[in-house]
Structure formats: structure tokens, C-alpha cells
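Colleague: Provided herewith is a single structure, encoded as C-alpha cells, for subsequent inquiry.
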Amino acid sequence: MLKYINVLLADTAVSFCHYENTNAGRNKWITTELLNNIIRYCQTQKLSINYIFPKDTVPAELLELIEKTGHFKIASREVSVNATAVVLKPSDLEKLNWLDTSNKKIIILRVNKTEVKNLHKLLERLVNKFVKITLVLTDIEFYTEEDIEAYKQELEKSEECLFQQYKDVKDSLPEINFISDLWFARQMNNCNAGIDHYTFAPDGKFYICPAFYHNGSKSIGDLSEIQVKNSHLFSLEFAPLCSRCDAFHCKRCVYLNHLLTEEFNTPSSQQCRLAHIERECSRQLLERLKQANPLFLQILPIKIINYNDPMEKILRNEYENTRRAL
Ligand code: SF4
């Protein structure tokens, strides 16, 4: 069921997820008329709005409209709009006095495959300075075996600082997507682009998510009609691999799926393996925290598994079945 709309205020809206904004050469703003129309549309359909800001100063007439109704704001650190979630890159963490005075914001930390080799240091810098961190790995499409191994090692090196983050908490837990989401999810909790949300772009059209607009994909409609071709392919039910998986925190990114496998509902091996490295890190940390803080005894343990990619499990089962049948 559609729950919210991401509204890109300009072609240069900051990326908050796996995609890069390759539209940087263009600089079209949403018009006040379009903004008015999408706000009315969301009010009529009872949908929330996430505004995605560019780095440039937003024209006053747009800001005035934005502030008239409830919304969330996603913006990079430089933009002074009192954002609900702030998008950071690792170099932002070096400057920091900002973090110390940021009133514990929701942070979206986008880390590329070179920067990931220093992830434990980035996480150490963030401990106790946020209410929620969403770690987003970029250029997953270029991850090699070596990069996947580097990510695993960085998460292992981060365990101590993550342990320190949680060991003395008394009630509400700070959220770190790749760690704490799994502790509470009992079913898939994915991005759900194309199901829970669409994106409205400055051209007045809807897209599955910002990535599809920025990479020049066809729109799925406009304010008069939305038509998602093969919409069933976005649901978990039609995702044979994901529906057998319990890495419930995985974003199940349909953009990366399509980019890497040409199927909306089939993830690449890189995506599955990275999600399973996170799953194992989350599992081990939970076990350790259960010994240190009684609060964690209430959380159900995460099962030990013997595969790093659900495809391995399926192939192993098929092999066993064939052997038994011979
Ligand atoms: S499909 Fe979802 S997870 Fe993937 S890039 Fe788009 S918003 Fe991000």
C-alpha cells in the first residue's frame, strides 16, 4: 500500500541511497505549481511527504509551501533547513565540530567502496552522537571479492565500538540500520520502492525511486495516472530468493536488482553477501550484549546459519535432494 512520496525539489537533490545523482549537470527546480499539486495529491491520498533537498538555497516561495503541511526533510549537512535526516559523506566526519552540536540527528552515512576500508574509524567517530544511523553502501555494483572481505573485516573491527554504544543503554536503543533493525524485525523490512513509496520529480512525473529518475528511466505516470508495469514483481511473494531469506533488514533494492540482474525481484550475489555479513555482525553483537545488559535478554536470538548467500542454501538443498533421489 502506498504510504509516502519522495519529492525531489530539484534535479540536483542529494542522493540519500545507493544511487548516484548523475543529473548534476541539469539544475531544474520543481515549480511552485507542481509543488502545490503534489501536496494536494498527497493530502487527498493521505500520503506522507519526504522532501529531498539540493545543496543550493531553496527559493523562498517553495519553502513557504513546504512549511505549510507536515513532512520530513532529507538534506546534506551544508543545507540549513533543519532536516529530519542529514546525509553525510565520510569527509564530513573529519571536520566535525558540527556533529557535537547536531542535537543527535538522524544520520544517513553514504560510504563508497574505498571509504568502506576505514569504516570502523567512521563509526567510532559517530558513537553517542546520533539517534539513528542509516549506513548506505554506494557502488555495490562494483564490489569485488576483496571489497566484500574488506567490509566484513571492518564490521568485525567495529564490534567493540558498537558494543560500547549499546552496553549501558537503559531503555530506548539508538538505531543503527545494519545492526539493530534485525533485532526487532520478524519479517522483511525492506525499502519497498514501488509498493510503499514513489518519487515525484521536477519534471512533474512519478518514478519508482529517485535512482530511476536520475538514471533516465521511464516514468511510471503523472498526477493524472500512475501505471507500474509488472507491479507484482516488486512484492516479496514474487521474489523467489528473498522470500526464503531471513536477512530481514536488507533493503532489497529494486534499483540495484534491476541494474545487476535485469530483474526487479532478483538480487545480485554482492547484495546478498553484504546483507549476510551484516546479519552475522548483528547476531554476534546481540549475543555479547545479552551477557552484558539484561535489556537485551528480551530480544530473540538470531539463528546461526551456514551460508552467506541464500542461493548457496538453495543449491545445497537441490544437491542433497538429487543425491537422495539417486
Ligand atoms: S530502490 Fe530503494 S533502496 Fe534502492 S536506491 Fe531506490 S530508494 Fe534506495
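Since every read-out is calculated from the coordinates, none of them should be taken as a lab result. Everything numeric in this text was worked out from a predicted model, so none of it was measured. Virtual Cβ from ideal backbone geometry, glycine too; neighbours counted across all protein chains shown.
Colleague: Would you mind telling me the antiparallel percentage of the DSSP bridges in region 1-159, rounded to 5?
Modeller: The antiparallel proportion sits near 5 percent.
Colleague: Less than 13 Å Cβ to Cβ from L241, Lys/Arg counted +1 and Asp/Glu -1: what total charge do the surrounding residues give?
Modeller: So the surrounding residues net to -1.
Colleague: Related question: What is the angle, in °, between the Cα long axis of helix 32-45 and the longest principal axis of the Cα atoms in the chain? Nearest 10 is fine, range 0 to 90.
Modeller: Approximately 50 degrees, to the nearest ten.
Colleague: Rounded to the nearest 10 degrees, what's the angle between the helix 310-325 long axis and the longest principal axis of the chain, both from Cα atoms, 0 to 90?
Modeller: Taking Cα atoms only, the helix is inclined about 40 degrees.
Colleague: What's the angle, to the nearest 10 degrees (0 to 90), between helix 145-166's Cα axis and the longest principal axis of the chain?
Modeller: Approximately 90 degrees, to the nearest 10.
Colleague: Another one. Would you calculate the separation in nanometres between label points at R316 and K157, each defined as 7 Å from the Cα along the Cα-to-beta-carbon direction?
Modeller: 2.9
Colleague: Report the Cα centroid-to-centroid distance between region 278-295 and region 231-252 in angstrom, as an integer.
Modeller: Between the Cα centre of region 278-295 and that of region 231-252, the gap is 25 Å.
Colleague: Related question: Over the chain, what is the relative contact order in percent, taking alpha-carbon pairs closer than 8 angstrom and at least six residues apart?
Modeller: Values: 544 pairs, mean separation 56.6, N = 326.
It comes to 17 percent, rounded to a whole number.
Colleague: So what is the relative contact order of region 33-92, in percent, for Cα pairs below 8 Å that sit 6 or more residues apart?
Modeller: 28
Colleague: Quick check on the exposure proxy: order H214, H232 from fewest to most C-beta atoms within 10 angstrom.
Modeller: So the residues, fewest neighbours to most, are H232, H214.
Colleague: Then there is this: Could you tell me the distance between the Cα centroids of region 187-224 and region 16-45, to the nearest Å?
Modeller: 10
Colleague: Order by neighbour count: L285, L123, L173, fewest other Cβ atoms within 10 Å first, most last.
Modeller: Fewest-to-most Cβ neighbours within 10 Å comes out as L173, L123, L285.
Colleague: Please rank M188, M1, fewest neighbouring Cβ atoms within 10 Å first, as an exposure proxy.
Modeller: Result, fewest neighbours first: M1, M188.
Colleague: Right, something else. Would you mind calculating the gained length between T57 and K170 on full extension (0.36 nm times residue separation, minus the Cα-Cα distance), in nm to one decimal?
Modeller: 36.6 nm
Colleague: What share of the DSSP beta bridges in the chain is antiparallel, in percent to the nearest 5?
Modeller: 20
Colleague: Given Q291, A83, N27, which one lies farthest toward the positive end of the charge dipole of the chain, if we put +1 on the Cβ of every Lys and Arg and -1 on the Cβ of every Asp and Glu?
Modeller: Projecting each Cα onto the dipole axis, the largest value belongs to Q291.
Colleague: Starting from the Kirkwood Rh over alpha-carbon pairs, what translational D in µm² s⁻¹ does the chain have by Stokes-Einstein at 4 °C and 1.567 mPa s? Before the final figure, lay out the partial values.
Modeller: Details: Rh = 21.1 Å.
Answer, rounded: 61 µm²/s.
Colleague: Going toward the positive end of the dipole of region 86-219, with +1 on Lys and Arg Cβ and -1 on Asp and Glu Cβ, which of F206, A150, I176 do you reach last?
Modeller: F206
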